[in-house]
Each structure stands twice: as structure tokens, then as C-alpha cells.
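The values are calculated or read from the model by the stated rules, or taken from the named source; none is laboratory data. Keep in mind it's a predicted model, so treat the numbers as computed, not measured. Cβ coordinates were reconstructed from backbone atoms using ideal geometry, including for glycine residues, and neighbour counts include every protein chain displayed. Keep in mind that these areas ignore ligands, DNA and RNA; they rest on the heavy atoms of the full protein, side chains included. Shrake-Rupley method; radii C 1.70, N 1.55, O 1.52, S 1.80 Å.
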Amino acid sequence: MKIKVFLLLFMVNTYWVYSQGISNAAKHVGAGIVIGGVGGYAAHEIFNGRQEWTWAGAFGSSLAAGLIKESYDKSSADLWQTDDVVFTALGGFISGLALDLLLDHNKRRRGRSGKNCGCLVAFENNVSPTYVPIINKGGSRDIGSGIEASYLFK
């Protein structure tokens, strides 16, 4: 989390490096947040909530949008502005951070329960009588072979 906050502050401080106006930078950051939010949430849903794909969807979609917009500007007006791409990517980073905080906590709260939790589920068997294996202390100390031997000698 400390690395994410450091990167966020580092990218926000790029405003001071570039001499771009606040309104233009805010527009690019806002567009990056919206595009990154949609791309990150779509990746979250497509890849079953995997955190790295959520980040890739958020940051990648906003970075791609910034690059496409600047390539369009370059083809029409012969003007490439790297700071526009950086601010759009910054918006994707912010939306990735927001999605990570919002969506990851829901997954942790739910826990691992349900169909595919990987936990042991026991059902009551009313058809056959319950059998409890007897395992001797002096045996092989292997629980599997002890249960098999106890079952066979029943």
C-alpha cells in the first residue's frame, strides 16, 4: 500500500514538472479516471476479481486512451504532448487504486465460502451405519493406511 501511495504522489507531482494549465490537466485526469474505472471494472468482472487484472484494465485502458488521443492530435495538428498522456494515465492509476480499495475489501469480507471454497463439507449419511475407524498407536503412523486397514479388518 505504501508503494501505491508513493506512486500516486509521484504522479500527482508531475503537474509541477509540466507547465500545463490546471483546467487541461484536470480534464485529462478526469477522463483517465472515467476510462480507467470502466476498463478496470470490466477486467475485474472478466477475470473473476483478480487484482492484477483489475489494475491492468484500469491503468492500461486509460494509458491506451491517452496514447490514441495524442496520436490523433499528432496526425491532425502535428503536436504531441506527453504530459497529456501522463495525466490520462494518472487518472487510470487513481481509478485502479479506488477499484482496488472498493472491490478487494468486498472479496475479503465474503471470505471463501460457497461452492468452490475448497473447504471440507461433511454430509450426514443415513443409508449406511456410521463407521469410525480404530487407529493403533504402534502402526505405520500414516492416517490413510490406518483407515484402510481398519476398514478392511472390520
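Within the group Ser71, Ser23, which residue is open to solvent by 30 Å² or more (accessible area, probe 1.4 Å), modelled with pLDDT of 90 or more, hydroxyl-bearing (Ser, Thr, Tyr) and over 27 Å from Leu103 (Cβ atoms)? Answer to the selection: Ser71.
Could you please give the count of residues in region 44-68 that are polar (S, T, N, Q) and at pLDDT below 90? Walk me through how you get there before you give the answer.
Of the residues in region 44-68, the ones polar (S, T, N, Q) are 48, 51, 54, 61-62.
Those left that are additionally at pLDDT below 90: 48, 51.
Final tally of qualifying residues: 2.
The set of residues in region 48-68 that are within 22 Å of Lys4 (Cα to Cα), open to solvent by 50 Å² or more (accessible area, probe 1.4 Å) and outside any helix (DSSP H, G or I) contains only Arg50.
Would you point out which residue out of Glu52, Glu70 is without any contact (Cβ under 8 Å) to a residue 12 or more places away in the chain and of a type in the set (Asp, Glu)?
Numbers: Glu70 fails: without any contact (Cβ under 8 Å) to a residue 12 or more places away in the chain.
When all the criteria are applied, what remains is Glu52.
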